[in-house]
Amino acid sequence: MLNKTRIVTALLLVAIAATSVAKPIKAPGLDSAVKVIRDIDGIPHIIGNSEHDVVFVQGYVHAQDRFFQMDVSRRTASGTLAELLGQPALRSDVQLRTFGLRRAAQRSLAALSPEMQAGLQAYADGVNHFLATQPLPLEYGVLEISQVDPWTPLDSVAIGKLIAFG
């Protein structure tokens, strides 16, 4: 019988080896391959040749790690959470639509610099590349949802408004 300490040690060594390998991501719209290295805690470190490429891959990795949370946040900010979770979220949706966080985000997005808008678009393109090439997270299967709306720069700004509102 194997000792528990040996099993844990072996599993940790496998985890370290698996996370320390740089995994290049190639996608349409990237100037060159971008490397993602996950440390022992699973935190991604993104290495690329341009800011656009790094932000694109940041969107991809963010969606890979937590798209369902991102979707809940954008729906909360937009007052459309009931579309995902049903009647229990309707009261909150009405309240948040009344506050108008998404409307405020639309005005803010239009006022951002072209560079900031380009960064938000690169991030959205990375999220959408993930959505186009990977299956949706398991939570969607439980909810019997097979597709979601593409991510937009407005979604990111609306979530920023929601965080500030909180």
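The values are calculated or read from the model by the stated rules, or taken from the named source; none is laboratory data. Predicted model only: the values in this text are computed from it and were never measured. For neighbour counting, all protein chains shown are included, and Cβ atoms are generated from backbone atoms with ideal geometry for every residue, glycine included. Only protein heavy atoms, including side chains, enter the accessible area calculation; ligands, DNA and RNA are left aside. Shrake-Rupley method; radii C 1.70, N 1.55, O 1.52, S 1.80 Å.
Taking Gly126 as the residue in question, decide whether it is modelled with pLDDT under 95 and either among the small types (Gly, Ala, Ser) or crowded, with 17+ Cβ neighbours inside 10 Å (or both).
On the way: modelled with pLDDT under 95: no; either among the small types (Gly, Ala, Ser) or crowded, with 17+ Cβ neighbours inside 10 Å (or both): yes.
No: the conditions fail for Gly126.
Of the residues making up region 94-119, those that are assigned to a loop (DSSP other than H, G, I, E, B) and open to solvent by 40 Å² or more (accessible area, probe 1.4 Å) are Leu112, Ser113. Quick check on region 75-93: of everything there that is aliphatic (A, V, I, L, M) and open to solvent by less than 30 Å² (accessible area, probe 1.4 Å), which residue is farthest from the chain's Cα centre (by Cα)? Result: Ala89. Here region 120-150 is the region considered, the condition is being assigned to a helix (DSSP H, G or I) and hydroxyl-bearing (Ser, Thr, Tyr), and the residue that is nearest to the chain's Cα centre (by Cα) is Tyr123.
Being closer than 14 Å to Trp151 by Cα, touching a residue at least 40 places away in the same chain (Cβ under 8 Å) and touching a Leu at 6+ places or on another chain (Cβ under 7 Å) narrows it down to one residue among Ser78, Ser73; which is it? Just one listed residue meets the conditions, Ser73.
Restricting to region 151-166, name every residue that is open to solvent by 70 Å² or more (accessible area, probe 1.4 Å) and in a helix (DSSP H, G or I).
Initially, region 151-166 is screened for residues open to solvent by 70 Å² or more (accessible area, probe 1.4 Å), giving 163-166.
Ile163, Ala164, Phe165 - these are the residues of region 151-166 that are open to solvent by 70 Å² or more (accessible area, probe 1.4 Å) and in a helix (DSSP H, G or I).
Do we have Val57 as in contact with a strand residue (DSSP E or B) (Cβ under 6 Å, 6 or more places away or on another chain) and either open to solvent by less than 60 Å² (accessible area, probe 1.4 Å) or not in a helix (DSSP H, G or I) (or both) here?
Judged against the criteria, Val57 is a match.
Counting only residues that are open to solvent by 60 Å² or more (accessible area, probe 1.4 Å) and either of a type in the set (Val, Ile, Thr) or free of Cβ contacts under 8 Å to residues at least 24 places away in the same chain (or both), region 139-150 holds 5 of them.
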